[in-house]
Amino acid sequence: MESEELINYLRRYYQEGITRPWEFRWTALQTLETLITENIVAICSALYADLQKPKQEAFISEIAIVLEEIRLAKKNLKKWMKPQKVGSPMALMPSRSRIYYEPLGTVLIIGPWNYPFQLAIAPLVGAIAAGNCAVIKPSELTRNTSKLISELFKKYFPTDYICVVEGGIPETTSLLAQKFDHIFFTGSTPVGRIVMQAAAKNLTPVTLELGGKSPVVVCEDADLALAARRIVWGKFYNAGQTCVAPDYLYVQSSVSHILIEKIKACIVQQFGANPKSSESLSRIVNSQNCKRLTQMIDDKKVIHGGEFDFEALFIAPTVMQNISWNDPVMLEEIFGPILPILTFETIDEAFYSILQRPKPLAAYLFTRSHAIQKTFIDSISFGGGCINDVVLHLSNPYLPFGGVGDSGMGQYHGRSSFQTFSHAKSVMHRFGLFDVSARYAPYSEGKLKFLRRMFRL
Ligand code: NAD
């Protein structure tokens with residue numbers, strides 16, 4: 001079906017008003033939950049076929065996280081949909097002001113390949129909760145998951161309510177030429193620019209969930225054993241193909257040697273001496289990305305790992321030291337199992353260097369000092385992050401998730417998802433009483449004097 005015809009089907013479905021009532025939205029969320037719970041094995045298998053994703057990672061970061069979103073939305077939907085009462089200034093009395101959350105209409109969700117199930121479906125939770133129809137375009141690079149998503153939605157939902165379009169650049173370009181009421185894009189910053197340009201032609205609002213180079217800063221007073229354990233987990237989860245993974249480690253030079261030894265030990269603890277045989281390490285999505293990543297590895301600077309096998313799409317957890325800001329590994333988002341290490345002398349120097357770079361999607365800080373934590377939060381702009389941990393902020397549905405600057409715009413998760421896919425319609429209810437004549441023409445000095453007194457001018 002042509003994109004235009006498809007959107008017209010969805011638009012008609014939306015215009016019938018079926019998706020608006022609370023009962024419909026709640027039931028659709030319930031159906032989505034059933035779609036997932038009845039197909040956990042198939043979802044895990046597709047993710048394994050695409051990325052050799054370990055079952056534990058698939059279960060937690062692709063399935064459980066989406067189920068949590070659905071359950072939270074079901075529980076709070078009535079509250080979120082309720083018109084919100086707000087105050088009115090004295091001069092506008094008597095009146096009642098309300099914000100009504102209405103659905104946007106027909107929305108487009110474009111997903112990436114790294115968490116191909118979660119990142120196509122989690123935004124949909126918000127789209128459904130807010131009463132929209134949706135087109136989902138999963139990543140073509142994880143084709144088993146994309147095919148499964150398409151089959152499952154055909155089975156569980158009417159295709160003129162939620163429709164899955166499979167394909168790559170030509171199919172996405174064709175979809176982007178249509179007039180949607182919102183486009184929710186997760187992917188790289190360069191493609192984010194393409195999406196925003198296409199959306200601008202139709203004045204379609206966008207949410208852009210992009211990437212970037214997320215630093216993890218470790219100070220000399222930090223619990224180094226804990227920092228090493230958590231950094232290794234967050235960096236090599238999904239073989240480093242995580243948008244909020246620590247991209248590079250920035251450690252105070254006085255403790256860099258101790259931390260490096262602990263990181264090396266943690267890698268062996270978590271993935272064994274021969275990580276190729278580890279069942280806890282995903283593979284790289286394709287040979288093109290393998291090649292891109294291995295070009296970042298500088299053998300002279302590797303202090304752990306560095307092995308790769310193109311055919312098996314395998315790259316060992318790799319650590320590089322003596323890295324400068326101009327090394328190839330620091331010039332673009334890594335998005336793979338390579339951890340470059342830079343050092344700093346003073347925390348002011350570290351924060352200054354981070355501030356010179358594009359605003360990251362995430363930033364992490366390990367320190368016991370409340371003063372340093374405060375300076376970090378107050379002075380560095382980043383999408384979201386953790387103090388004394390990595391990645392986990394993303395899994396709290398009460399925290400809005402999204403980037404800032406080059407790492408994106410807009411937020412989702414929990415209530416933020418509902419708000420992203422809703423229009424906040426402001427309405428003032430007025431009454432016939434006290435109809436102040438001073439507002440009406442013909443204007444006069446007396447009326448102006450009265451109004452100035454009212455507005456304390
Ligand atoms: P990508 O930008 O290459 O692709 C994302 C989607 O856009 C895919 O569905 C793809 O088919 C489509 N696409 C690709 N090129 C296109 C084009 N020229 N025109 C129209 N559509 C196009 O991203 P990716 O490689 O799938 O994912 C990796 C990137 O996504 C990384 O930069 C990562 O940081 C980012 N990411 C961000 C988040 C987040 O939540 N902020 C989450 C995951 C990944």
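Placing unit charges on the Cβ atoms of the charged side chains and taking the dipole of the chain about its Cα centre, the candidate lying farthest along the positive direction among L394, F308, I70 is I70. About its Cα centre, the dipole of region 113-242 is roughly 220 debye, where the only charges are +1 on Lys and Arg Cβ and -1 on Asp and Glu Cβ.
In percent, rounded to a whole number, the relative contact order of the chain is 18, using alpha-carbon pairs under 8 Å and six or more apart. What full-extension length gain, to one decimal in nm, is calculated for L448 and N286 as 0.36 nm per residue of separation minus the Cα-Cα distance? Contour length minus the Cα-Cα distance gives 51.2 nm. Between S97, V41, T142, the Cα set farthest toward the positive side of the dipole of region 1-151 (charges on each charged residue's Cβ, about the Cα centre) is that of S97. Spin-label model, F434 to T27: label points 7 Å out along the Cα-to-beta-carbon direction sit 4.6 nm apart. Local charge for R20 was computed over the other residues whose Cβ lies under 15 Å away, with Lys and Arg +1 and Asp and Glu -1, and equals +2. To the nearest ten degrees, helix 256-271 and the longest principal axis of the Cα atoms of the chain are 90 degrees apart.
Rounded to the nearest 0.05, the FRET efficiency derived from the C-beta distance between E345 and A441 at R0 = 51 Å is 0.15.
Once both labels are positioned 7 Å from their Cα atoms along Cα-to-Cβ, the gap between E151 and S369 label points is 5.6 nm. Across the protein chains, with a 1.4 Å probe defining accessible surface, the residues E209, E23 rank E23, E209 from largest area downward. Expressed as a whole percent, the accessible surface of the chain that belongs to carbon and sulfur atoms is 56, based on a 1.4 Å probe.
Computed from point charges on the beta carbon alone (+1 for Lys and Arg, -1 for Asp and Glu), the dipole magnitude for region 350-449 about its Cα centre is near 260 Debye. For the pair region 58-136 / region 316-343, the C-alpha centres are spaced 37 Å from each other. Accessible area per residue (1.4 Å probe, heavy atoms of protein chains only) ranks W80, W233 as W233, W80, with the largest value leading. A simple charge model with +1 on the Cβ of Lys and Arg, -1 on the Cβ of Asp and Glu and nothing else charged puts the dipole of the chain at about 2320 debye relative to its Cα centre.
Which trypsin sites (Lys or Arg not before Pro) does region 275-381 hold that lie in a coil by DSSP with at most 15 other beta carbons within 10 Å? Those satisfying the criteria are R368.
Of the trypsin sites (Lys or Arg not before Pro) found in region 140-234, those that fall in a DSSP loop while having at most 14 other beta-carbon atoms within 10 Å are K179. Straight-line cross-link reach from K74 at under 16 Å between alpha-carbon atoms covers these aspartates and glutamates, not counting any fewer than eight positions away in the same chain: E23, E33. For the chain, the longest principal axis of the alpha carbon atoms and the long axis of helix 3-15 meet at an angle near 50°. In this structure the chain gives 46 Å² per residue of accessible area when probed at 1.4 Å with all protein chains present. Over 25 Å apart at the Cα level, from the set K85/K137; K78/K425; K53/K235; K75/K179; K213/K301; K82/K374, are K85/K137; K75/K179; K82/K374. Among 381-393, 3-15, 401-413, the peptide with the highest mean count of other Cβ atoms within 10 Å heads the list, and the full ranking is 401-413, 381-393, 3-15.
Between helix 189-201 and the chain there is an angle of about 20 degrees, using the helix long axis and the longest principal axis of the Cα atoms. Only one residue of Y412, I194, V164 has its Cα farthest out toward the positive end of the dipole of the chain, where Lys and Arg carry +1 and Asp and Glu -1 on Cβ, and that residue is Y412.
Here is how the number arises for the chain: DSSP H runs of 4 or more residues each give -39500 (n - 2.57), the sum is divided by the residue count, and the result at 222 nm is -12000 deg cm²/dmol. Electrostatic tally near P138: other residues with Cβ closer than 14 Å to its Cβ, Lys and Arg +1, Asp and Glu -1, net -2. When you filter the GluC sites (Glu not before Pro) in region 320-389 for DSSP loop state and at most 10 other Cβ atoms inside 10 Å of their Cβ, you are left with E345.
The values are calculated or read from the model by the stated rules, or taken from the named source; none is laboratory data. Worth saying up front: this structure is predicted, and the values here are computed from it rather than measured. A quick note on method: Cβ atoms are made from the backbone with ideal geometry, for glycine too, and the neighbour counts reach across all protein chains shown. For accessibility, only protein heavy atoms count, side chains too; no ligands or nucleic acids. Shrake-Rupley method; radii C 1.70, N 1.55, O 1.52, S 1.80 Å.
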